[in-house]
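Heads up: the structure comes next, in structure tokens.
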Amino acid sequence: MFRRMRFIAPLFVLSVLLSSCFEIIEDVTVKKDGTGTMKLTVNFSQSKTKIGAMMLMDSIRGFKVPGRNEIEDQVEQAAARLKTVKGISNVSHTIDFTNFIASVNFSFRNVSDVNNMVKELLDEYNVKTKIPFAYRYDREGAKFAREYTPSADARAEFNKLAEKDKEIFRSAAYIGILRFENTISSFSNKGAKMSKNQLAIMQRLPLADLVSGKADISNQIQLSR
Amino acid sequence: MKRILQLVALVSFTSSAATAQDLAYKIPEKAFSVVSIKSNQLFQLCPANEFNNSTLGKKFLEKLSETANENYKSIEELGLNLSANAYYYYQVTDSINHHGLIIPLTDASKINALFRKHADSIQHINGISVLQRPDQKTVIAWNNQMLYLTYGSLNSYFFSDSAHAAKYGSIGTVYDDYSYNDVAVDTVAAATVEEEVLADSVVVEAPVVEAPVVVEAPVVEAPVEALPPALPEDSTAVVFDYGADEGVPAEDLQAREERKRNRDSLTISWLTLSTQEIFNKSSSAPSILNNPGYLRSADNNAIASFWMADIQSVYSTFFPYKYFMKYGGNFLRGYGNVNARLYMDKEKIRMTGEMGLNAEKAASFAKIYDHKLNKKFFKYIKGDSLIGFMSYAFNTEAYMYEMPKLMGGAYSYRYEEEMALVSDLITVMLDEKAIAKVIKGDALFLLTNLRERQVTYQSYEYNEETFEYKDTVKTKTETLPDFLIMFSSDDPQLIERLLQYGIRKGKIVLGNGIYSIEQSRKNPFNLHLLIKDGIVFISSSLQDITQIQDGSFKGNVDKQHKELLTQNNFTMFFSPKSLGAKIPVRELGEAGDKITKLLGGAGNVYITSAAGKDGYISMDMTADVPKEKENALKYFLDLVEDMAHLK
């Protein structure tokens with residue numbers, strides 16, 4: 001209905017002026033043999049009024065606002081590209097334009113396939129930055145590691161942002177969950193929290209801290225054999 | 001582009017004395033667009049010393065000091081005449097398009113100092129100092145009277161014409177940056193043209209007068225006619241050696257570089273010629289002062305004015321004529337020249353704009369604009385708490401009749417018969433009178449309030465045992481606007497049927513004669529609709545709609561608002577102060593206090609449009625200057641300063 005009533009758009013500009021927030025959830029399950037699944041979710045539901053308003057406009061502060069079809073096409077393309085990556089299978093995705101939530105699921109043969117996938121995607125989109133994270137899994141030693149190196153480029157880009165745009169990242173949350181078949185004996189990151197059943201680890205922090213390098217999500221996890 | 005913006009910025013800070021001769025006569029008669037700045041008014045509103053100390057002034061002087069390797073503390077040190085008019089113009093010819101900036105001087109020696117580090121490159125011709133900058137396609141020249149800066153770019157398609165290529169040499173090799181291949185020349189040249197046009201289009205002004213490819217058209221002024229068959233022998237510009245490039249492979253970077261130098265030198269050579277013409281031009285020679293459209297735009301009370309030749313010619317210069325006509329370039333046929341004026345005084349900043357129409361278009365627009373806003377709307381305006389409004393009043397019936405004609409005109413070059421047919425078909429198919437009864441063509445949109453409401457959103461609930469998560473609906477407080485929309489309808493039956501359909505589908509609820517659409521995931525507002533006294537009301541506030549229904553709504557329309565709404569076909573009003581008072585500071589993040597202060601200190605803004613006189617339609621934008629501010633210019637400078645602090 002509102003799409004047809006474009007003259008109402010100025011009204012929504014008001015709500016766009018106000019700050020918005022969103023969350024990113026990275027949910028990884030690693031089996032004993034090193035295979036696993038990954039689910040990435042971006043949830044803009046808290047800002048749905050603003051996103052809905054933004055999507056009524058052609059551009060905001062000089063940035064072109066993509067239409068629903070354009071977003072769907074892009075996600076379709078990215079999912080299709082994922083399917084071609086070696087070791088990646090069962091790719092599926094969902095986009096909820098009511099709540100503005102998008103998620104991608106896939107299986108991997110080995111955690112190194114995920115590392116390669118990230119590298120390939122970054123190369124393809126011509127992102128010339130060092131890969132900020134990598135997974136390692138030592139099947140024999142039952143050790144899992146997430147190595148995270150804050151990217152100087154990303155930090156520099158973040159610092160260049162206007163204060164108002166930085167605020168968006170500050171109010172956004174990153175949630176990382178790692179799940180295993182074996183119980184966790186120990187883990188190195190003090191910011192992370194273990195589930196009561198000792199099979200999962202979760203870390204929650206403001207996205208801005210991750211981008212700016214203030215927070216660390218590296219973790220060395222020893223699993224029981 | 002950056003250079004053009006710098007030129008425009010520079011013109012904004014300069015101008016001509018009442019005593020000195022006004023330099024408008026220097027502007028070519030066929031200029032495509034002209035900007036005039038009345039510096040005396042500018043510096044009366046904001047004396048030079050105050051400007052020097054403003055954020056904008058400091059930045060300007062800082063940049064200038066950096067460029068000239070000097071230490072400028074005041075704009076007065078530049079030798080510019082700050083009490084005379086300065087001009088910017090843009091001229092398009094078939095061979096070269098150029099921007100010109102005319103700035104009157106009081107002290108030419110200060111200009112010598114400004115360009116001291118280029119002293120070796122400055123030529124002195126008949127009392128004129130000329131600095132050529134081939135790399136930047138710019139010529140800067142001055143005498144005791146004025147400083148003239150010009151920047152230009154060649155038109156590719158001029159050189160793709162075989163007669164011109166023969167006259168000016170093998171232009172395919174000299175001109176074209178990217179290819180030696182004759183076949184490729186046209187395409188590449190076209191691409192270059194587009195690039196140039198894009199660059200131009202960013203700078204407000206636009207290209208010129210007639211179809212560029214039609215060389216015989218009696219349009220193009222001096223530069224083209226005066227073009228020499230080759231460069232003058234005494235020219236310092238690079239001498240052409242067209243033959244040297246022949247047969248050289250495209251990959252040969254050296255040859256490419258050579259071509260670039262040649263192109264730059266041709267540009268500089270022509271710019272220098274036009275520069276000399278400007279300096280030699282007497283006040284009795286034909287100039288822009290012969291153009292009635294330009295004279296209409298000039299107003300002594302305006303601080304700045306802008307004039308542009310008719311819009312269709314803007315389009316025609318974007319593309320070579322044959323492409324322009326082939327691809328339906330008639331879209332803007334019938335729209336004439338455009339002008340705008342900026343006024344600043346103690347109480348207001350005002351910008352007015354006009355666009356000329358031919359007789360046919362003027363008649364069509366007169367019929368469409370022949371409609372007034374329903375006066376019954378005024379009862380429902382609460383003037384004291386209003387954040388903003390927007391109104392429009394057009395004659396739906398006339399619009400339905402005239403639109404096919406307007407569209408037909410746009411495509412008549414290629415599809416005259418087809419468009420006439422489509423136009424008749426629309427007329428037969430649609431019952432204009434019946435449509436005009438349902439939607440008369442006037443509407444008023446009021447932004448009445450900002451209110452905190454509970455809205456739902458989806459998040460996740462994590463199981464502490466496993467960290468598995470499931471979807472959960474949470475609520476949060478969000479500030480959303482309240483609004484009221486009204487439009488007139490003499491025959492709301494169709495609207496009622498639509499609403500009844502919505503009820504049957506379970507999307508709309510009818511209670512006490514008020515139709516309501518509940519807030520949903522897709523729609524953050526509860527919408528309420530009422531049809532009463534030939535008006536359809538839609539609002540996010542049930543209280544307002546209920547009061548309208550039972551007649552207890554107490555409006556108090558402002559006299560000024562009433563006048564604006566009555567006299568114009570389109571009106572927009574925005575009160576930053578009212579918005580600032582209603583918006584919760586915590587919603588604005590860290591800069592909340594500053595934003596609220598900025599909004600609180602800003603004056604009201606109005607935009608109006610009405611059918612103009614003499615075949616023009618007009619647009620007017622006004623911003624009130626808050627009482628505590630001395631005048632409009634200082635208010636504007638303060639706003640710039642406050643905005644800078646927000647970052």
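The values are calculated or read from the model by the stated rules, or taken from the named source; none is laboratory data. In this text, all values refer to a predicted model and were calculated from it rather than measured experimentally. Positions of Cβ are backbone-derived with ideal geometry, glycine not excepted, and every protein chain shown enters the neighbour counts. In case anyone asks, the SASA skips ligands and DNA or RNA and just uses the protein heavy atoms, side chains included. Shrake-Rupley method; radii C 1.70, N 1.55, O 1.52, S 1.80 Å.
Residues whose amide H comes within less than 5 Å of that of B:LEU147, counting only those at least five positions distant or on another chain, are B:ILE103, B:LEU105 (H built at 1.01 Å from N in the peptide plane). Converting phi to 3J(HN,Hα) with the Karplus coefficients 6.51, -1.76 and 1.60 and the offset θ = phi - 60°, region B:632-637 yields 4, 5, 5, 4, 5, 5 Hz in sequence order, with x at every glycine or proline. Looking at region B:448-505, the trypsin sites (Lys or Arg not before Pro) that sit in a DSSP loop and have at most 16 other Cβ atoms within 10 Å of their own Cβ are B:LYS505.
Packing order of peptides A:83-95, B:99-111, B:617-629, highest average first: B:99-111, B:617-629, A:83-95 (average count of other Cβ atoms within 10 Å over each peptide's residues).
All other residues with a Cβ under 12 Å from the Cβ of B:PHE487 taken together, and with Lys, Arg as +1 and Asp, Glu as -1, what is their net charge? Walk me through the intermediate numbers first.
Working: positive: B:LYS376, B:LYS440; negative: B:ASP442, B:ASP490.
Residues close to B:PHE487 contribute a combined charge of 0.
Averaged over peptide B:449-461, the number of partner chain Cβ atoms lying within 10 Å of each residue's Cβ comes to 3. In region A:198-222, the residues that give up 20 Å² or more of accessible area when the other protein chains are added, compared with the chain on its own (1.4 Å probe), are A:MET202. Normalised size of region B:379-512, defined as Cα radius of gyration per 2.2 N^0.38 Å with N residues, equals 1.71. The calculated FRET efficiency for A:THR149 paired with B:ASP384, based on their beta-carbon distance and R0 = 56 Å, is about 0.45. For the pair B:ARG296 and B:ALA420 in one chain, pulling the backbone fully straight at 0.36 nm per residue adds 41.1 nm over the alpha carbon distance. In terms of the mean number of neighbouring beta-carbon atoms within 10 Å, the peptides B:423-435, B:293-305 order highest first as B:293-305, B:423-435. Given in Å, the Rg to one decimal and the Dmax to the nearest whole number for the Cα atoms of region B:100-165 are 15.1, 48.
Each residue, A:GLU181 and B:GLU277, gets one label point 7 Å from its Cα in the Cβ direction; the gap between the two is 8.5 nm. Label-to-label distance for A:LYS214 and B:GLU360 is 6.5 nm, based on points extended 7 Å past Cα in the beta-carbon direction.
Roughly how many Å² is the accessible area per residue of region B:343-477, as a whole number, for a 1.4 Å probe? Let's see the in-between values first.
Values: 7450 Å² over 135 residues.
Result: 55 Å² of accessible area for each residue.
Per the accessible-area calculation with a 1.4 Å probe, the total area buried between chain A and chain B rounds to 3500 Å². For a modelled paramagnetic label at A:LEU161, 7 Å from Cα along Cα-to-Cβ, the residues of region A:198-213 in reach, with backbone nitrogen under 18 Å, are A:204-213.
Ignoring ligands, DNA and RNA, please state the percent of accessible area on region A:74-171 from carbon and sulfur, probe 1.4 Å.
Numbers: 2920 of 5550 Å².
Solvent-exposed carbon and sulfur of region A:74-171 make up 53 percent of the total.
Across region B:526-545, the residues whose backbone nitrogen lies under 20 Å from the label position 7 Å along the beta-carbon direction of B:ARG497 are B:530-532, B:534-537.
Sticking with the crude label model, points 7 Å out along Cα→Cβ, report the distance from B:ASP107 to B:THR427 in nm, one decimal please. A separation of 7.0 nm, rounded to one decimal place.
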